[in-house]
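The values are calculated or read from the model by the stated rules, or taken from the named source; none is laboratory data. Not measured: the values here are computed from a predicted model. Here the Cβ positions follow ideal geometry from the backbone for every residue, glycine too, while neighbour counts run over all protein chains shown. Heavy atoms of the whole protein, side chains included, go into the accessibility calculation; ligands, DNA and RNA do not. Shrake-Rupley method; radii C 1.70, N 1.55, O 1.52, S 1.80 Å.
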Amino acid sequence: MISFENDTLKWQVLDCQFKNKSDAVAYWERKQWKFLGIKSRLFGKIELTSKTFDNCGESRILRIEKKK
């Protein structure tokens with residue numbers, strides 16, 4: 001609701017709705033490494049990655065590392 005009284009503008013929000021949808025994806029993959037000039041992921045270190053996407057165009061990527 002917007003009102004204008006005595007050179008003062010008043011703005012009052014009566015109802016607010018958020019319709020943002022977020023999607024999340026998590027996956028793991030092996031890190032690539034070289035052995036005798038050959039690239040391989042066979043015995044590489046495992047990396048866990050998490051990605052989140054939303055309708056506002058914002059995305060985040062997180063790398064999750066395991067501590068020993």
Taking only protein heavy atoms and a 1.4 Å probe, the highest-to-lowest accessible-area order of Glu65, Glu47 is Glu65, Glu47
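Using a 1.4 angstrom probe on the protein heavy atoms only, could you order Trp11, Trp33 from most to least accessible area?
Details: Trp11 195, Trp33 85 Å².
Sorted by accessible area, descending: Trp11, Trp33.
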accessible surface per residue for the chain, probe 1.4 Å, DNA/RNA/ligands not counted, whole Å² -> 105 Å²
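Per-residue counts of other Cβ atoms within 10 Å, averaged by peptide: what ranking do you get for 16-29, 49-62, highest first? Present the calculation step by step, with values, prior to reporting the outcome.
On the way: 16-29: 8.4, 49-62: 11.2.
Going from most to least packed, we get 49-62, 16-29.
Which value in Å does the Kirkwood hydrodynamic radius of the chain take, with 1/r averaged over all unlike C-alpha pairs and then inverted?
17.0 Å
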On the accessible surface of the chain, probed at 1.4 Å with all protein chains in place, carbon and sulfur together account for a percent value of 55 percent
